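The values are calculated or read from the model by the stated rules, or taken from the named source; none is laboratory data. Fair warning: this is a prediction, and the values are worked out from it, not measured in the lab. Ideal geometry is used to build each Cβ from the backbone, glycine not excepted, and the neighbour counts take in all protein chains shown. For the accessible areas, the whole protein counts, side chains as well, though only heavy atoms, and no ligand, DNA or RNA atoms are used. Shrake-Rupley method; radii C 1.70, N 1.55, O 1.52, S 1.80 Å.
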Amino acid sequence: MDVLSGRTTNRALRRQNRATLLSALFLDGPLSRQDLTARYGLSQAAVSNVIADLMDDGLVVEAGALESDGGRPRILLRVSPDYASVIGVDVGETRVRVELFDLAMTPLAKADYPLEDLDPRSVVRHVRHGIESVAGGNVLGVGVGVSGLVEQGDQAVVHAQTLGWDAVPLERMLREGTDLPLHLDNGAKTWAQAEHWFGAGRGARHAAFALVGSGVGAAIVADGQSYRGASSSAGEWGHTTLVYGGRACRCGARGCLEAYVGAESIIARALEAGVRVEGPDEETQVASVLADPAAAGVLAETAAYLGAGVANLINLFNPERVVIGGWAGIALGPLLPQVREAAAAQAMRRPFAQASIELCALGTDAVALGAATLPVARLLAAGGVRD
Ligand SMILES: [Zn+2]
């Protein structure tokens, strides 16, 4: 490493302090200067200076005062909701959703486009229309959550076997239509980021986020950071083997977890068991299975398979918390006690005792919210300095 000159060191330190305080105000605000001083062991003067800078830049604003016994009231601070807006895009298997948020992550506008085909060009067209229709002025950036493996590099490339996408240069295709800063990531990871920052994963340093829908995936947060692997494909939990040589999976292998607990498999196994399945789409079909007393056996099995999958996450990653979400995961919510029981039977005792297994808190639509946090994460890490 190069030796830093005194001035560079100061500048780097100042930027680091800006990142620390800005992140704290974004994730846990409103907070007072006193709170920040106590939390980070910085001097009062350092906190006051950095906050003054952030306020000058319009990033931080006052958010009322807290009466304190005898002393002066403490002024509360927060990240300014109006500093910029961000756009989150959810590219699912059935629709594209584009949503605009302010910096308090309050939704401001939304556009949905059902997917009539899975051609990447159709998807890109919908995303562009969506961005044009929701974007106001001063957009910080666009985050895109997409099914499949998102290989980060100069420009992100998407491999999505279930969409029939093989090395689709999605970032390059999107860039042709917009000048806004773009960030792409796997949809399960963006969903997990939303649950980690604002939902059932809040405050956990080590967590596993299990997404169960048509497909099944997981995102791992290890020591506060998203675990990605060599090319960002880590977390393909749905395609870990549950039953060697078992049911055929959409990925081409056999016996994957997804082939037992994914929505398609729940429906297929119900039909095989003679359960009547009703409804025009997977969501209503899964709901009809859940409501049918004749499906009790299939559902007990599903809970057991899911519990075994959760046990694998616990044994591999030793999380404090496992958060189960996705529309099918939420629909299976009433089976959570059985899922826990199965996980208890399959996991090592000690790590199981240290992990709680919870249902997600943000509902089914958090992929776009999580995607919108990608440009925010960049801003926070840069201490509010925009590139
Ligand atoms: Zn598979």
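Please give the helices (runs of 4 or more DSSP H) falling wholly within region 1-96 in which 3 or more residues are of a type outside the set (D, E, K, R) and open to solvent by less than 40 Å² (accessible area, probe 1.4 Å).
Of the helices (runs of 4 or more DSSP H) lying wholly inside region 1-96, those with at least 3 residues that are of a type outside the set (D, E, K, R) and open to solvent by less than 40 Å² (accessible area, probe 1.4 Å) span 6-28, 44-56.
Please specify each residue of region 119-149 satisfying the condition of being open to solvent by 30 Å² or more (accessible area, probe 1.4 Å), aliphatic (A, V, I, L, M) and at pLDDT 90 or above.
Ala135
Assuming Gln152 fulfils every condition listed in (1) open to solvent by 40 Å² or more (accessible area, probe 1.4 Å); (2) in contact with a Ser or Thr (Cβ under 6 Å, 6 or more places away or on another chain); (3) over 25 Å from Gly384 (Cβ atoms) apart from one, which condition is it?
Exception for Gln152: condition (3).
Could you identify the single residue in Glu264, Glu272, Glu258, Glu236 that is within 21 Å of the chain's Cα centre (by Cα) and open to solvent by 60 Å² or more (accessible area, probe 1.4 Å)?
Checking each option against the conditions leaves just Glu236.
Any idea which residue in region 97-110 is least open to solvent (accessible area, probe 1.4 Å), counting only those that are more than 29 Å from Glu282 (Cβ to Cβ) and in contact with a Pro (Cβ under 8 Å, 6 or more places away or on another chain)?
Among residues in region 97-110 that are more than 29 Å from Glu282 (Cβ to Cβ) and in contact with a Pro (Cβ under 8 Å, 6 or more places away or on another chain), the one least open to solvent (accessible area, probe 1.4 Å) is Leu103.
Just to check your reading of the model, which residue among Val212, Val221, Val275 is of a type in the set (A, V, I, L, M, F, W, C) and over 30 Å from Val376 (Cβ atoms)?
Only one candidate passes the filter, namely Val275.
Go through region 106-154 and tell me which strands (runs of 3 or more DSSP E), entirely inside it, have 1 or more residues that are more than 20 Å from the chain's Cα centre (by Cα). Steps first, answer last, please.
Numbers: elements: 107-114, 139-146, 149-151.
So the answer is 107-114, 139-146.
Filter region 225-269 down to the residues that are within 15 Å of Thr162 (Cα to Cα) and more than 12 Å from the ligand (Cβ to nearest atom), then identify the one that is modelled with the highest pLDDT.
Within region 225-269, the match that is modelled with the highest pLDDT is Ala263.
So the check is Cβ under 7 Å with 6+ separation or different chains; which pairs have a first residue in region 8-28 that's within 14 Å of Ile51 (Cβ to Cβ) and a second one that's open to solvent by 60 Å² or more (accessible area, probe 1.4 Å)?
Sorted first by the residue in region 8-28, then by its partner, the pairs are Ala19/Ala381; Thr20/Tyr40; Ala24/Arg39; Leu25/Arg78.
Return the pair list, or none, for Cβ contacts closer than 7 Å from residues in region 240-256 that are within 17 Å of Leu211 (Cα to Cα) to residues that are near the ligand (Cβ under 9 Å from one of its atoms) and part of a loop (DSSP other than H, G, I, E, B), at least 6 apart or on different chains.
Between residues of region 240-256 that are within 17 Å of Leu211 (Cα to Cα) and residues that are near the ligand (Cβ under 9 Å from one of its atoms) and part of a loop (DSSP other than H, G, I, E, B), the close pairs are Thr240/Leu257; Thr241/Gly255; Leu242/Gly255; Leu242/Leu257; Cys256/Thr240; Cys256/Cys249.
Would you check which residues across region 306-331 are assigned to a helix (DSSP H, G or I) and crowded, with 21+ Cβ neighbours inside 10 Å and list them?
Leu306, Gly307, Gly309, Val310, Ala311, Leu313, Ile314, Ala328, Gly329
Does region 162-176 include one or more residues that are in contact (Cβ under 8 Å) with a residue 60 or more places away in the chain and within 13 Å of the ligand (Cβ to nearest atom)?
Yes, that holds for at least one residue.
Given the criterion near the ligand (Cβ under 10 Å from one of its atoms) and touching a residue at least 24 places away in the same chain (Cβ under 8 Å), identify the matching residue among Val221, Val216.
Within the list Val221, Val216, the selection yields Val216.
From Ala259, Ala311, Ala287, which residue is assigned by TED's automatic domain parsing to the domain that holds Arg340, touching a helix residue (DSSP H, G or I) at 6+ places or on another chain (Cβ under 6 Å) and touching a residue at least 24 places away in the same chain (Cβ under 8 Å)?
Answer to the check: Ala311.
Please state which of the following conditions Glu278 fails to meet, knowing it meets all the rest: (1) more than 16 Å from the ligand (Cβ to nearest atom); (2) open to solvent by less than 20 Å² (accessible area, probe 1.4 Å); (3) among the acidic types (Asp, Glu).
(2)
What residue, among those in region 155-164 that are more than 24 Å from Val139 (Cα to Cα) and not β-branched (Val, Ile, Thr), is surrounded by the fewest Cβ atoms within 10 Å (Cβ to Cβ)?
The qualifying residue surrounded by the fewest Cβ atoms within 10 Å (Cβ to Cβ) is Gly164.
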